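Values quoted throughout were computed directly from the atomic coordinates according to the rules given, and no laboratory measurement underlies them. These numbers come from a predicted model, not from an experiment. Reconstructed Cβ throughout: ideal geometry from the backbone, glycine too, with neighbour counts over all protein chains shown.
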Amino acid sequence: MLAHADRIKAIGQIGITIAHEVNQPLSAISTFAQSGISWINRPSPDIKELLYCLKKIDSNTQRAAKIIKNIRELTRENYILREEHINLKNIINDSIFIIEPYYSLSNIEIIKHYNSKNVFINGNKIEIQQLIINILLNSIESIKKTQDNSGLIHIILKNSPEKINNIEIKIQDNGNGFKNSDIQSCFEPFYTTKNTGMGIGLSICQTIAEAHNGTIKAENLSPSGAEITISFPAAQNISS
């Protein structure tokens, strides 16, 4: 009976995780579908813009399918990380491109600082991309809650000052930051301060980071804002 109850609970958690992660590409698909309809309904339809929207719909559909596949694998007891050489610069650039609909209409600027010569790690591209996207979306939401609904997000890629042969990604924003109690609990599953949140975004980030032998931590910035730091072992003998 207990085993059955645990299985039902696990299925529920997996379902919530999939719903949370797939919501992002689905929202993007909806946005680009509406844009495509707008372009085609003009007196002089813009086929170039329509094709752009269709390509974005296709790429987000594929991303949703890959997310589901990766979450299923990530939640298996005998999960084995499928590694490839990942260029973190490319992953960050792609992630910013994917979330464009979430910040392009707001007065939010994303600034990149690439200070590491070795930008390669070993791991799963889709999982690392999802980790970065989750954190960026949290930063965007935090900034949108500020009084002027505008702000900056800094993404810093550098060698870790704490661990030799590790690469750090720091994502900083000037939003509202964390409450002190939230910093201690923000990576716990189903912990959220949002009225509509599921409380699993940062928990998934921690799971992905640890699956890649990495670490993740959160802290507040002064006078306002938050910083998330992710550290991964660098891939060795890989040239950019």
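Using +1 on the beta carbon of Lys and Arg, -1 on that of Asp and Glu, and nothing else charged, what's the dipole of the stretch 93-183 about the Cα centre, debye to 20? Don't skip to the answer; put the middle values down first.
Working: 9 positive and 10 negative charges, 48 e Å.
That gives the stretch 93-183 a dipole magnitude of about 240 debye.
Excluding same-chain residues fewer than 8 positions from LYS69, which lysines have a Cα within less than 22 Å of its Cα?
LYS9, LYS55, LYS56, LYS125
Can you give the FRET efficiency to the nearest 0.05 for LYS158 and LYS217, using r as the Cβ-Cβ distance and R₀ = 22 Å? Display every interim value, and only then the final one.
Numbers: r = 15 Å, r/R0 = 0.70.
Efficiency for this residue pair is about 0.90.
Calculated FRET efficiency, SER30 and GLU188, Cβ-Cβ r, R0 41 Å, to nearest 0.05? Mind dumping the intermediate values first?
Details: r = 30 Å, r/R0 = 0.74.
Result of the calculation: an efficiency of 0.85.
Please give me, ordered by residue number, the GluC sites (Glu not before Pro) of the stretch 106-163 that lie in loop per DSSP and have at most 13 other Cβ atoms within 10 Å.
Here the sparse-neighbourhood loop sites are GLU162.
Pull out the extension gain between LEU137 and GLU83, defined as 0.36 nm times the separation in residues minus the alpha carbon to alpha carbon distance; nm, one decimal.
Numbers: separation 54, 0.36 × 54 = 19.44 nm, distance 2.55 nm.
Difference between extended and current length: 16.9 nm.
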